[in-house]
Amino acid sequence: MPLAKRIIPCLDVTAGRVVKGVNFVGLRDAGDPVEIARKYDAQGADEITFLDITASSDARDIILHVIDAVASQVFIPLTVGGGVRQVADVRRLLNAGADKVSINTTAVTNPEVVQGAADRFGSQAIVVAIDAKAVDADNTRWEVFTHGGRKPTGLDAVEWARKMQEYGAGEILLTSMDRDGTRIGFNLPLTRAVSDAVDIPVIASGGVGNLSHLVDGVLQGHADAVLAASIFHFGEYTVRQAKEAMRDAGIEVRL
Amino acid sequence: MQKIAIVDYGMGNLHSVTKAFELVADGRARIDLTQDPAVVAAADKVVFPGQGAMPDCMRHLDESGLKAAVLQAAQDRPFFGICVGAQLLFERSEEGPTDSLGVFKGQVRRFPPQLMVDGHGQKLKVPHMGWNEMFIVHDHPLWSGIADGERFYFVHSYHFAPDEDIAVIESAYPYRFAAAVARDNIFAIQCHPEKSAQAGLKLLKNFVDWDGRA
């Protein structure tokens, strides 16, 4: 199957800078977004995702300048998420140069925003981010959480993914809250359940600690793309090494 | 200096297309992102992008007052269609009942659900999203310096089904389909060269340098 599985480095951005930390503890400056995006592009990243972790709403416009600067120099798809509350937010991010906008909490509190944005800008521009946590010890059912994983919603993650597809999402960014930051690998049953339940691509996220986790996400989790942050930021692996590991496991990649 | 107009009829994000052309033109061409039919009419070359649903694109094009200038450019100047802009050059699309521009014979079809499985029986997702291989079926000057099998970035649920022999590049998902078509002064591509890293930039640079002859 010639369509390549994608590797997507994720950058946390605030106040115009990339920051890194484990579980948001001990955030430290990791550099200029343009420089880091260029580095990942040169390593063969298939897309780059920016997560705006700015807490205060009056500093939100800074992300627009970041996206504009990156999109003027890096010619691969860029996704931006964090703090998207209305269709106008989506428009501003797309106009700044984002190719896709990721909607998380607002998709739950106000799903019409997903529908409205997909109608207006096309499904290809709308990613719905789902943060999910297992509700049973056997890891067979998962609940959607919002507000950075703090607030339970009572929604079943698989059902929610299907519903978001109906609302016009073009892609699902699925993060396992149980695994995020643990470096023990994706929640594969969750990933597989969601990916098999929808017709749109699913990006697996949360828990990557080594390259075989990426392989597992595709082969066992049926993910169409894998997202990782720390294994790339801390220089343990390059994107190229990740792709070589996937290729060696028989996965189609862009090298 | 040659003038390249990028037609802005209100459909989609043209930031990257504009920035990418500015980069590869490197001062050798003026890049005008424009909503003005007069600017399109005065351009030496025209880029016709498009994103979103085809019927919306067609409606916006009608309402923009740019349609006549676009059709004229497709007759007589180097013309580059991208994604839904390229799809609009066909006669119609399964995405809606609206007639499209009819510059090329043929239509635009949805990837049929019953065919969307790979060789291992695993479901293939629609939209076709990501980097896929581009196979040369007819040589074209715009593809010079780009390898056969190079990967470009796609995101689409509908693809060209030409009724004339205009396919120059094919991709496969899972079956072969026309990923780029060309005739005379027109080159039209389904994927996004402005998002396809170095190979995509090479294609755009070739358009800047193109004399419009196949």
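The values are calculated or read from the model by the stated rules, or taken from the named source; none is laboratory data. Quantities reported herein were computed from a predicted structural model and do not represent experimental measurements. Here Cβ is always computed from backbone atoms with ideal geometry, including for glycine, and neighbour counts include all displayed protein chains.
Out of A:ALA132, A:ALA118, A:ALA125, I need the residue that is modelled with pLDDT of 95 or more and at negative phi. Which one? Spell out how you get there, then give the answer.
Values: A:ALA118 fails: modelled with pLDDT of 95 or more; A:ALA125 fails: modelled with pLDDT of 95 or more.
Exactly one residue qualifies, and that residue is A:ALA132.
Just wondering, is there one or more residues in the range B:194-204 that are assigned to a loop (DSSP other than H, G, I, E, B), among the small types (Gly, Ala, Ser) and more than 24 Å from A:GLY44 (Cβ to Cβ)? Lay out the reasoning, then the answer.
The initial filter retains those residues of the range B:194-204 that are assigned to a loop (DSSP other than H, G, I, E, B), namely B:196.
Among the residues that remain, those that are also among the small types (Gly, Ala, Ser) are: B:196.
Still in the running and more than 24 Å from A:GLY44 (Cβ to Cβ): none.
No, every residue in the range B:194-204 fails to be assigned to a loop (DSSP other than H, G, I, E, B), among the small types (Gly, Ala, Ser) and more than 24 Å from A:GLY44 (Cβ to Cβ).
Could you please give the count of residues in the range B:158-179 that are out of contact with any helix residue (DSSP H, G or I) (no Cβ under 8 Å at 6 or more places or on another chain) and among the hydroxyl-bearing types (Ser, Thr, Tyr)?
Final tally of qualifying residues: 2.
For the range B:108-169, list the strands (runs of 3 or more DSSP E) that sit wholly inside it and hold at least 2 residues that are modelled with pLDDT of 95 or more and at the interface with another protein chain (Cβ under 8 Å from one of its Cβ atoms); which are they? Steps first, answer last, please.
Working: elements: B:128-133, B:151-156, B:158-162.
It comes to B:128-133, B:151-156.
Within the range B:75-124, can you find the residues that are among the basic types (Lys, Arg) and either surrounded by 14 or more Cβ atoms within 10 Å (Cβ to Cβ) or over 19 Å from the mean Cα position of the chain (by Cα) (or both)? So that I can check it myself, show each step before the final result.
From the range B:75-124, those among the basic types (Lys, Arg) are B:77, B:92, B:105, B:109-110, B:123; that's our starting set.
Passing the criteria: B:ARG77, B:ARG92, B:ARG109, B:LYS123.
Is it fair to say B:PHE187 is within 11 Å of chain A (Cβ to nearest Cβ), outside any helix (DSSP H, G or I), at pLDDT 95 or above and closer than 23 Å to B:VAL46 by Cβ?
no
Can you tell me which residue is nearest to the other protein chains (Cβ to nearest Cβ) among those in the range A:214-229 that are within 17 Å of A:ALA129 (Cα to Cα) and of a type in the set (A, V, I, L, M)?
Looking at the filtered set, the residue picked out is A:ALA225.
Tell me the residue from A:ILE76, A:ILE63 that is buried (at least 21 other Cβ atoms within 10 Å of the Cβ) and modelled with pLDDT of 95 or more, please.
Numbers: A:ILE63 fails: modelled with pLDDT of 95 or more.
Unique residue meeting the criteria: A:ILE76.
Name the residues in the range A:109-147 that are acidic (Asp, Glu) and either closer than 15 Å to B:MET11 by Cα or within 14 Å of chain B (Cβ to nearest Cβ) (or both), would you? Spell out the reasoning first.
Of the residues in the range A:109-147, the ones acidic (Asp, Glu) are A:112, A:119, A:131, A:136, A:138, A:143.
Selection gives A:ASP119 alone.
Kindly establish whether A:LEU219 is hydrophobic (A, V, I, L, M, F, W, C), at pLDDT below 95 and surrounded by fewer than 19 Cβ atoms within 10 Å (Cβ to Cβ).
no
Which residue is nearest to A:GLY181 (Cα to Cα), if the candidates are limited to the range A:230-255 and must be more than 14 Å from every other protein chain (Cβ to nearest Cβ) and crowded, with 23+ Cβ neighbours inside 10 Å?
This residue is A:PHE232.
Quickly run through the range A:12-43 and pick out the residues that are modelled with pLDDT of 95 or more and either assigned to a strand (DSSP E or B) or among the aromatic types (Phe, Trp, Tyr) (or both).
Listed by number, the list holds a single entry, A:TYR40.
How many residues does the range A:59-108 contain that are within 10 Å of another protein chain (Cβ to nearest Cβ) and among the charged types (D, E, K, R)?
Qualifying residue count for the region: 4.
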